[in-house]
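What follows is a single structure, written as structure tokens, with notes after it.
The values are calculated or read from the model by the stated rules, or taken from the named source; none is laboratory data. Worth saying up front: this structure is predicted, and the values here are computed from it rather than measured. No Cβ is skipped: glycine too gets one built from the backbone with ideal geometry, and neighbour counts run over all protein chains shown.
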Amino acid sequence: MNTIRLRTPFEVGDKPLAEYPRPQFARDSYINLNGYWDYAIYNRNDEFPGWQGKILVPFSPESLLSGLPEGTAVLPDDVLCYRLKFDVKPDFPKAHTFLHFDAVDCKCRVYLNEKELGTHVGGYVPFTFDVTRTLRAGGNILEVVVTDPSDTSWHTRAKQRIKRGGIWYTPQSGIWQSVWLESVPATYLRDMTILPDIDRDKLVLKLDIEGEATCADVVVMDGNKLLKAQKCFGDTVVVDFDDYELWSPENPKLYDLAVRVGDDVVRSYFGMRKFSVITDRKGYKRLALNNKPYFHSGVLDQGYWSDGMLTPPSYAALEYDVKFVKAMGFNMIRKHIKIEPMRFYYHCDKEGILVWQDMVSGGTDYNFLAIGILPFVGIHVKDNKYKFFGRADKEGRDEFVAEMKTTVNRLKNCVSLAVWVPFNEGWGQFDSVEITKQLRALDNTRIIDSVSGWHDQGEDTSQLKSLHVYFKPVRIPDDKRCVVLSEFGGYSLPTEGHMFSPDKLFGYKMYKSPEAFAEAFEKLYDTQIVPQIAKGLSATVYTQVSDVEEEINGLITYDRRIVKIPVERVKRVNTKLKL
């Protein structure tokens, strides 16, 4: 099958994604380790062959932006090795120094200055090593050894498949998000939970402090205007507000926050908002924002790039996608089976785009009977049948739970994050009733869409009745829950010169011209969506933001160069989606 490597219009440079990667927990201490590293790829049964060249981190070796030859792949029996030589100035290290990896797919062992720091398993979640005793002022050598079973094991893999095609994409491996260092004093703020409470006009902060500290100083700013400054004792801080603006997509108001613990200063931000489900005057359950019914008009976002694959070519590219969705009049993105760099969520917070966040799927081979046949005839299977759902391995189920906890902790303070989605279309689904209980215990401030699409486990499980409809008219079921259309559409338009796989295309309904595509899109909303809102429909997620490999059902091409439908036309459609 012929494929075309497409470049996006975003600049990369020799030090990609160099901006501070954690905008909601920022310090002045920062060394970015992205850039050119030595690499080697070889079969695990062979001896190390020596370094084979340079790879541009954090782009996976399978991606165009890595700089490796076309067709490079890390197979399940391969080993991928990295090495970076870097210098640290004498004034950088403080009492504690940490080495952060924001994502490495899938298993890795890390060495610094020939000392093993430890191992990590899980391709989509961040991890950190304490390198206080290992890092040196002056020259250092960092080495990472990676293996990736891709879809040959039960590990988290999302939409990667060695035999790609259709909705399954080329697997990638290795380092694919930023690598960086920070150093902190002996007493420092290890973590912080930000809880806006609009019902009581308060902001609650839960501080996780390491070291000896008798108090913390909290400062809240609105631009250059000081709103609050208070000295706090204990690990819970309550800030009273007399007057504030509510955050919403129409008014994405953010306030700056700074917390000082001893000599450690962390800069952050927050928005005052609340997500819930309420009953409207007609008796329908509705998604609510700030205690008022609010229709979520969203778009599915796979987060893939034609040159960086899972990794955006730049943070400006992430910002572009968020602003593109906003310009079209959508107020929500469903981040599909992927966890983005933190700056993605920052841009959603800043621009005013709600986020539905999927957990990343895993498990062994998915049974087509489970994910593709029974759901279409309305048969829902109990998800304690582990083998049927590709979840026979207890290690894989435990890994999912552990990664769910890490994901929630990672994203807990994101202002825009409105909905958690643990499972999608039966991919590695298991024990969703219990998983939903655990997720709600971790975070009861968001809405939970327990099983998006099908294999619904009943009204006691999820707050939402979540529908996927592609090949039949949209109908609102008789259900006591809030009804959402969490996937639909998928209309496709080939765009010559901007397709990854011109001789093999995938889409749910093909159109031959931009005008036919635009007319069909508008008709779909006018005839299928707008009439259902009065009958209880509370959210829609159109498939999808961009083309991805063979899939050509995006509103924009895979290389982000051609917008397939006039922005104003989509925006006009979205103005009709109101409660």
Evaluation of R572 against (1) in contact (Cβ under 8 Å) with a residue 12 or more places away in the chain; (2) within 25 Å of N424 (Cα to Cα); (3) basic (K, R) (one fails), failing number
(2)
Yes or no: G50 more than 27 Å from the chain's Cα centre (by Cα) and of a type outside the set (A, V, I, L, M)?
yes
Strands (runs of 3 or more DSSP E) contained in the stretch 112-163 and holding at least 3 residues crowded, with 18+ Cβ neighbours inside 10 Å and at pLDDT 95 or above:
138-147
So V548, is it out of contact with any strand residue (DSSP E or B) (no Cβ under 7 Å at 6 or more places or on another chain), surrounded by 21 or more Cβ atoms within 10 Å (Cβ to Cβ), at pLDDT 95 or above and not acidic (D, E):
no
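Residues checked against (1) in contact (Cβ under 8 Å) with a residue 60 or more places away in the chain; (2) crowded, with 16+ Cβ neighbours inside 10 Å; (3) farther than 21 Å from C348 by Cα; (4) touching an Asp or Glu at 6+ places or on another chain (Cβ under 9 Å):
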residue: V237; (1), (2), (3), (4): no, yes, yes, no
residue: S248; (1), (2), (3), (4): yes, yes, no, no
residue: Y255; (1), (2), (3), (4): no, yes, no, yes
residue: R260; (1), (2), (3), (4): no, yes, yes, yes
residue: T279; (1), (2), (3), (4): no, no, yes, no
If the Cβ limit is 8 Å and pairs must be 6+ apart or interchain, which residue in the stretch 311-325 that is surrounded by fewer than 19 Cβ atoms within 10 Å (Cβ to Cβ) pairs with which residue that is part of a helix (DSSP H, G or I) and acidic (D, E)?
K323/E351
Looking at Y304, Y345, Y366, which one is modelled with pLDDT under 95 and either buried (at least 23 other Cβ atoms within 10 Å of the Cβ) or touching a Phe, Trp or Tyr at 6+ places or on another chain (Cβ under 9 Å) (or both)?
Y366
With (1) touching a residue at least 40 places away in the same chain (Cβ under 8 Å); (2) in contact with a Leu (Cβ under 8 Å, 6 or more places away or on another chain); (3) crowded, with 18+ Cβ neighbours inside 10 Å as the list, and F241 as the residue in question, which single condition is left unmet?
(3)
Can you go through F344, F324, F330 and tell me which one is assigned by TED's automatic domain parsing to the domain that holds V545, part of a helix (DSSP H, G or I) and more than 14 Å from the chain's Cα centre (by Cα)?
F324
Among the residues of the stretch 367-374, is there at least one that is in a helix (DSSP H, G or I) and among the polar types (S, T, N, Q)?
no
Identity of the residue in the stretch 256-274, charged (D, E, K, R) and part of a strand (DSSP E or B), that ends up nearest to E210 (Cα to Cα):
D264
Of (1) in contact (Cβ under 8 Å) with a residue 24 or more places away in the chain; (2) surrounded by 15 or more Cβ atoms within 10 Å (Cβ to Cβ); (3) in a loop (DSSP other than H, G, I, E, B), F388 satisfies every one except (1)
Would you mind finding the one in K578, K535 that is modelled with pLDDT under 95 and either assigned to a loop (DSSP other than H, G, I, E, B) or not assigned by TED's automatic domain parsing to the domain that holds A327 (or both)?
K578
With the stretch 39-111 as the region, which strands (runs of 3 or more DSSP E) entirely inside it contain at least 1 residues that are outside the structural domain of V144 (by TED's automatic domain parsing), in contact with a Leu (Cβ under 6 Å, 6 or more places away or on another chain) and at pLDDT 95 or above?
none
